[in-house]
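In what follows, a single structure is set out as structure tokens and then discussed.
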Amino acid sequence: MSTIERAPAVAVCPIERLDVERGAAALVDGHQVALFRLPDGTVHAVDHKDPATGANVLARGLLGTTAGGEWYVASPLHKHRYSLVDGRCLNADGLSVAVHDVEILADLVHVIIASCS
């Protein structure tokens with residue numbers, strides 16, 4: 001049975017370095033993540049790697065919302081849409097991206113990479 005351990009939070013950048021509704025790629029403990037700052041001030045982090053192609057491109061994807069108001073990033077390659085909340089693909093079965101916890105402490109964005117062991 002695997003357990004999920006919480007890794008330490010890693011400071012990535014000041015929040016003002018992230019443009020609203022634009023992605024940014026970051027390397028967190030050797031793991032590529034895509035960061036997205038939303039208009040409400042929250043920041044979301046998902047794996048940067050597109051699971052459909054294996055290319056690290058999700059930070060360059062387009063942000064949008066579903067009819068229900070859920071934010072997603074659309075991959076720039078095949079337009080698969082991944083939920084920023086839970087990482088599931090909204091328009092293709094069997095695809096998902098890992099979602100990572102984000103904390104804003106003293107105006108610095110911190111990302112926590114969850115690892116399975």
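The values are calculated or read from the model by the stated rules, or taken from the named source; none is laboratory data. Bear in mind the structure is a predicted one, so any value in this text is a computation, not a measurement. Positions of Cβ are backbone-derived with ideal geometry, glycine not excepted, and every protein chain shown enters the neighbour counts. The area values use the complete protein model at the heavy-atom level, side chains included, leaving out ligands, DNA and RNA. Shrake-Rupley method; radii C 1.70, N 1.55, O 1.52, S 1.80 Å.
Each residue in the range 86-117 was checked for being on the phi < 0 side of the Ramachandran plot and without any contact (Cβ under 8 Å) to a residue 40 or more places away in the chain, and 6 of them qualify. Within the range 60-117, being open to solvent by less than 30 Å² (accessible area, probe 1.4 Å), small (Gly, Ala, Ser) and at pLDDT 95 or above holds for Gly61, Gly64, Ala74, Ser75, Ser83, Gly87.
Out of the residues in the range 76-93 meeting the condition of being within 16 Å of Ala45 (Cβ to Cβ) and of a type outside the set (Phe, Trp, Tyr), tell me which one is farthest from the chain's Cα centre (by Cα). If we take residues in the range 76-93 being within 16 Å of Ala45 (Cβ to Cβ) and of a type outside the set (Phe, Trp, Tyr), then Arg88 is farthest from the chain's Cα centre (by Cα).
When Phe36 is tested against (1) free of Cβ contacts under 8 Å to residues at least 40 places away in the same chain; (2) of a type in the set (A, V, I, L, M, F, W, C); (3) not in a loop (DSSP other than H, G, I, E, B), exactly one condition is not met: (1). Take Leu27 and decide whether it is under 22 Å from Pro8 (Cβ atoms), free of Cβ contacts under 8 Å to residues at least 12 places away in the same chain and open to solvent by 80 Å² or more (accessible area, probe 1.4 Å). Yes; evaluated as a whole, the condition is true for this residue. Checking the condition outside any loop (DSSP other than H, G, I, E, B) and either hydrophobic (A, V, I, L, M, F, W, C) or within 14 Å of Val102 (Cβ to Cβ) (or both), which residue from Ala67, Ala24, Ala52 passes? Going through Ala67, Ala24, Ala52 in turn, just one is outside any loop (DSSP other than H, G, I, E, B) and either hydrophobic (A, V, I, L, M, F, W, C) or within 14 Å of Val102 (Cβ to Cβ) (or both): Ala24.
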